[in-house]
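Report on the structure given below.
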Amino acid sequence: MTDIINLLFYPLPSGIMTILMGFSLVYWVFQLLAGDGIDFGGDSDFHFGDINDVDVDSDLDHDADVQAEPSFFSKCLDFINIGKVPLMVIVTLFKFISWVITILSSLIFGLGKLGIYSVFILIPIFIVVYFIMHWITKPLVKMYKELGYHGEEATDFIGRIGRTKSTIDGEKIGSAEFLINQDIITLNIKSHTGEKIEFGDTIIITDEAPSKHYYYVTKQITLDNL
């Protein structure tokens, strides 16, 4: 028993990954005990909004007809098929593979002698596992597609209230933050009427652009700005 505990928790990288895997195990146990069985659809509080609308450079002027490129972060998520496979399934697989590789690395390379510095082995392990996940999740994409999974439920942003993170007017596209289901989501925005909206103003989403790369907003009328 002592040998198993030492294997799981020593050295430090193994201990970290064992604890992380423990969190995932607890999550799935609670899912199982919730009464509906294990929900492999991943009812998570993690939301992306429109994945093409998030974190695109908001300080540049764009023509309304220009097709914005997905952000680097969005491309990274798409590479490991987030959206095509439930988030919690991918997170659990990522941690499990990282956990196995970390324990094997500790045994093969004797990481215990490095002390606290052994934790840095997790950086290359996470990078390697990230690329492995692209291939590991491919069969899952096909499986979930056949099961009728079409990604997390879309969020309706029309009517949502948020605060601008940049000044916009005319044809300029900026960004704003919205608190939705206790998550802060950043979206690209454009003034619906072309009027100037200052940084930090409270705004409301009135419509979505046909290109789906940004949302039209107007300044919300409050007692402070009457």
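Here each label is just a point 7 Å from Cα along the line to Cβ, and for Y216 and V141 those points are 3.5 nm apart. Under 17 Å of direct C-alpha separation, and excluding same-chain neighbours fewer than eight residues apart, K165 reaches these lysines: K190, K196, K219.
Solvent-accessible surface of protein heavy atoms, probed at 1.4 angstrom with all chains present, puts K142, K190, K172 in the order K142, K172, K190, largest first.
Note that the range 85-204 presents 57 Å² accessible area per residue, ligands and nucleic acids not counted, probe 1.4 Å. A 1.4 Å probe over all protein chains sorts M21, M143 by accessible area into M143, M21, starting with the largest.
Applying 1/(1 + (r/R0)^6) with R0 = 22 Å to the Cβ-Cβ distance of D183 and V26 gives a FRET efficiency near 0.55. For the range 171-226, a/c is not less than 1.5, where a ≥ b ≥ c are the root eigenvalues of the C-alpha gyration tensor, and a/b does not top b/c. That puts it in the oblate class.
Extension gain, L107-I19: 0.36 nm per intervening residue step, less the Cα-Cα distance, totals 29.9 nm.
Excluding same-chain neighbours fewer than eight residues apart, the lysines reachable from K95 by a Cα-Cα span under 18 Å are K138. On full extension, the segment bounded by I4 and D156 gains 49.8 nm, given 0.36 nm per residue less the C-alpha separation. Of the residues T164, T2, the one with the largest accessible area comes first in the ranking T2, T164, computed with a 1.4 Å probe on protein heavy atoms. Projecting label points 7 angstrom from Cα along Cα→Cβ for F72 and Y117 puts them 2.9 nm apart. Using θ = phi - 60° in the Karplus curve 6.51 cos²θ - 1.76 cosθ + 1.60, the 3J(HN,Hα) couplings for the range 114-125 round to 7, x, 5, 5, 5, 4, 5, 5, 5, 5, x, 5 Hz; x is entered for Gly and Pro.
The values are calculated or read from the model by the stated rules, or taken from the named source; none is laboratory data. Computed from a prediction, not measured in an experiment: that's the story for all the values here. Positions of Cβ are backbone-derived with ideal geometry, glycine not excepted, and every protein chain shown enters the neighbour counts. In case anyone asks, the SASA skips ligands and DNA or RNA and just uses the protein heavy atoms, side chains included. Shrake-Rupley method; radii C 1.70, N 1.55, O 1.52, S 1.80 Å.
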